[in-house]
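The values are calculated or read from the model by the stated rules, or taken from the named source; none is laboratory data. Here the structure is a predicted model, which is why all the values come from computation and not from measurement. Cβ coordinates were reconstructed from backbone atoms using ideal geometry, including for glycine residues, and neighbour counts include every protein chain displayed. Note: areas computed on protein heavy atoms with side chains; ligands, DNA, RNA excluded. Shrake-Rupley method; radii C 1.70, N 1.55, O 1.52, S 1.80 Å.
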Amino acid sequence: MNKKFPFTGISSVAMHASGQENADYAHLTPIYATSTFTFDSAQQGSDRFAGADKTKIYSRWGNPTFTVAEETIAALETFGIKNPDGSQLEVKALLHASGQAAMSTLFLSTLQAGDSVLSHYSLYGGTHEILNKLLADTGVTATIIDMRNLELVEEALKKDPKIKLVHIETPANPTIQCVDIEEVTRIAKRYNKLVSVDNTFATPYLQQPFRYGVDFVFHSTTKFLNGHGTAIGGVLLGRDLEYMRTKVWKWHVLLGGNSNPFDAFLLTQGMKTLELRMDRHCANAMEVAAFLDRHPEIAHVNYNGLTSHPDHAITAKQMKHPGALMSFELKGGLEAGRKFIDALQMCVRAVSLGTVDTLLSHPATMSHAGLKKEERIQFGITDGLIRLSVGIENIADILADMEQALKKV
């Protein structure tokens, strides 16, 4: 496969960008289920340890199946993005065992005692807990603000020189709040700060943060990139190739957060249909949001595709489509929400998101249960809020299931 072929669409990139060949000419990337790799000679072993390519030494360090997934995600995140000199932007990706492992590598490789992280107040519960509980024990502090207010971003950076990293999650979990990546990055770079973006909800098909000059992009690959709920995974991508291949890679392998060949294989297969799936996810989500928004039992809907969402304009600026995630609350509050969830017959009661089927969860008692109630309420995560990841089922069936369930609240 010629990796220099001028792909014109992201589906082609997802299938062919890695261009990895194998000795047995297998059509699909083999699952290299091996813990270690052999050397033809002592010299070859020494050369591999001394070289930049660590994929054929020990699978905690790298594995050819990982490489295909890493190169594919890197190609997706940089598709169509050029450097100032007109050359294609290159980034380095490191595949991890989970999103949390990738997030840990990001924070631990860039921060040390005395540093601070600036982030938005609507975050995935696990990220919030890492910032405010685990990192706090290492001497790293977190400053949490409403980053949609650019004046607050500027004020925080001006006030606290200890801030080293600005971490953005957009759209945010589960309020679907959106932060202006371009403007926040522009401000951060004036103060020489690193910027990272959690792009899990959007995927590189809908949003490419590297386009706006960020330093790192993160995904829980468990979600839309895999797309089928078959494997846990995470990936960290960085613009500084040398930094990613040295310090970040060292933290990654010594923490032991490596992926495994089977999960990496499943990820590469899932990504091949990313564009097709996302188009259907997004089309269905627009119809579901409109249905919920006009339903008499619904108090409010958080979906950035609705013009009523406060971040609708930011979404339109930086995303190809608002995506497949939303949250909403019934007028009857928590009790009505429970009745609605229990009455569903096709849509699935489960945490996680981004799978081909429609999933619903209750953030206050599930994904954000580790937060104090006052923090949840401040972040917009009320007791009655329901998070919805719209799947690719026939839209008529999704709406019919929700309609019958709403009649029972």
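Per-structure values
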{"quantity": "Unmet requirement for Lys320, which otherwise passes all of (1) of a type outside the set (A, V, I, L, M, F, W, C); (2) modelled with pLDDT of 95 or more; (3) open to solvent by less than 10 Å² (accessible area, probe 1.4 Å); (4) touching a helix residue (DSSP H, G or I) at 6+ places or on another chain (Cβ under 8 Å)", "calculated": "(3)"}
{"quantity": "Residues located in region 284-315, provided they are under 16 Å from Gly337 (Cα atoms) and open to solvent by 40 Å² or more (accessible area, probe 1.4 Å)", "calculated": "Asp293, Pro296, Glu297, Ala299, His300"}
{"quantity": "Given (1) more than 30 Å from Glu275 (Cβ to Cβ); (2) among the charged types (D, E, K, R); (3) part of a helix (DSSP H, G or I), number of the condition Lys164 does not satisfy", "calculated": "(3)"}
{"quantity": "Filtered residue count, region 224-255, keeping only those that are surrounded by fewer than 24 Cβ atoms within 10 Å (Cβ to Cβ) and either modelled with pLDDT under 95 or assigned to a helix (DSSP H, G or I) (or both)", "calculated": "14"}
{"quantity": "Only one of Pro310, Pro322, Pro296 that is touching a His at 6+ places or on another chain (Cβ under 9 Å), not in a helix (DSSP H, G or I) and not polar (S, T, N, Q)", "calculated": "Pro322"}
{"quantity": "Residue list for region 161-172, restricted to those being open to solvent by less than 60 Å² (accessible area, probe 1.4 Å) and among the charged types (D, E, K, R)", "calculated": "Glu169"}
{"quantity": "Extreme residue, least open to solvent (accessible area, probe 1.4 Å), among residues of region 256-275 that are closer than 24 Å to His16 by Cα and assigned to a loop (DSSP other than H, G, I, E, B)", "calculated": "Ser259"}
{"quantity": "In region 1-26, the residues that are farther than 25 Å from Met278 by Cβ and either under 31 Å from the mean Cα position of the chain (by Cα) or modelled with pLDDT under 85 (or both)", "calculated": "Asn2, Lys4, Glu21, Asn22, Ala23, Asp24, Ala26"}
{"quantity": "Residue match in region 383-396 (condition: at pLDDT 95 or above, surrounded by fewer than 15 Cβ atoms within 10 Å (Cβ to Cβ) and of a type outside the set (Lys, Arg))", "calculated": "yes"}
{"quantity": "Residue check for Gly380: farther than 30 Å from Ile181 by Cβ, open to solvent by less than 40 Å² (accessible area, probe 1.4 Å) and either touching a strand residue (DSSP E or B) at 6+ places or on another chain (Cβ under 6 Å) or not in a helix (DSSP H, G or I) (or both)", "calculated": "no"}
{"quantity": "Residue ranges of strands (runs of 3 or more DSSP E) in region 89-160 with at least 3 members open to solvent by 10 Å² or more (accessible area, probe 1.4 Å)", "calculated": "141-145"}
{"quantity": "Single unsatisfied condition, Gly354 versus (1) surrounded by fewer than 20 Cβ atoms within 10 Å (Cβ to Cβ); (2) in contact (Cβ under 8 Å) with a residue 40 or more places away in the chain", "calculated": "(1)"}
{"quantity": "In region 173-205, the residues that are open to solvent by 10 Å² or more (accessible area, probe 1.4 Å) and assigned to a helix (DSSP H, G or I)", "calculated": "Glu182, Glu183, Arg186, Lys189, Arg190, Tyr205"}
{"quantity": "Top-ranked residue of region 27-44 - restricted to ones that are assigned to a loop (DSSP other than H, G, I, E, B) and among the polar types (S, T, N, Q), ranked as modelled with the lowest pLDDT", "calculated": "Thr29"}
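Yes or no, residue by residue, for (1) assigned to a helix (DSSP H, G or I); (2) crowded, with 17+ Cβ neighbours inside 10 Å; (3) touching a His at 6+ places or on another chain (Cβ under 6 Å):
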position	(1), (2), (3)
Phe5	no, no, no
Ser18	no, yes, no
Asn22	no, no, no
Tyr25	no, no, no
Thr55	no, yes, no
Thr67	yes, yes, no
